[in-house]
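This report concerns only the one structure given below.
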Amino acid sequence: MARSQLIRSAGLTAFTAVTVASAALLGACGTDSADTTRNADAISVSQPWVKAADSGMTAAFGVLENSTESDVRLVSASSDVADSVEPHEVIDEGGTTTMRAKAGGFVIPANGSLTLDPGGEHLMFMGLKKPVRAGDSVRVTVRFADGSTTNIDAIARDFDGNQENYAPSEHK
Ligand SMILES: [Cu+2]
């Protein structure tokens, strides 16, 4: 925003503006991290699955592995089958577990992995637009801190455990 104002006030041509913007982007990449691997290329996902549900809410799980020397942050997610998808964590509030949006998203540690599983961190689907049936493949797009994205195709399966963690009352 500040950059475009600067360019406008300097009265530069559109062509110059594009060149300046590109140079600024390259500069940002160089200084953000010594590792130039795109976040999306650093992360591989295994065993992705989503809990089958007729309506309302559900959640997706799996293992995210980071093959680089830098921590990678998953900041947001989306799916065509839900109004919204959020990184969630489960917390213990005086003996009762409840869940909430995880501030800042998930960190996948350098040379490590993050497991999303029932009762722990998960990708929460809210406002299902259609039933998710066992066997369905549900695409979730996850976005990382550097803006790169990965499509995850999660297979739906019936899962009865941890039902209490997905009660609508626990969501705002
Ligand atoms: Cu949740």
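For segment 85-97, the Karplus equation 6.51 cos²θ - 1.76 cosθ + 1.60, evaluated at θ = phi - 60°, returns couplings of 10, 10, x, 10, 10, 9, 10, 9, 10, x, x, 10, 7 Hz by residue, with Gly and Pro reported as x. Taking packing as the residue-averaged number of other Cβ atoms within 10 angstrom, the listed peptides 137-146, 83-92 run from highest to lowest as 137-146, 83-92.
In the full protein context, segment 51-120 carries 45 Å² of accessible surface per residue, based on a 1.4 Å probe and ignoring ligands, DNA and RNA.
The values are calculated or read from the model by the stated rules, or taken from the named source; none is laboratory data. In this text, all values refer to a predicted model and were calculated from it rather than measured experimentally. So basically every Cβ, Gly included, is an ideal-geometry build from the backbone, and we count neighbours across all protein chains shown. Ligands, DNA and RNA are stripped out before the accessible areas are found, and what is left, the full protein with its side chains, is counted by its heavy atoms. Shrake-Rupley method; radii C 1.70, N 1.55, O 1.52, S 1.80 Å.
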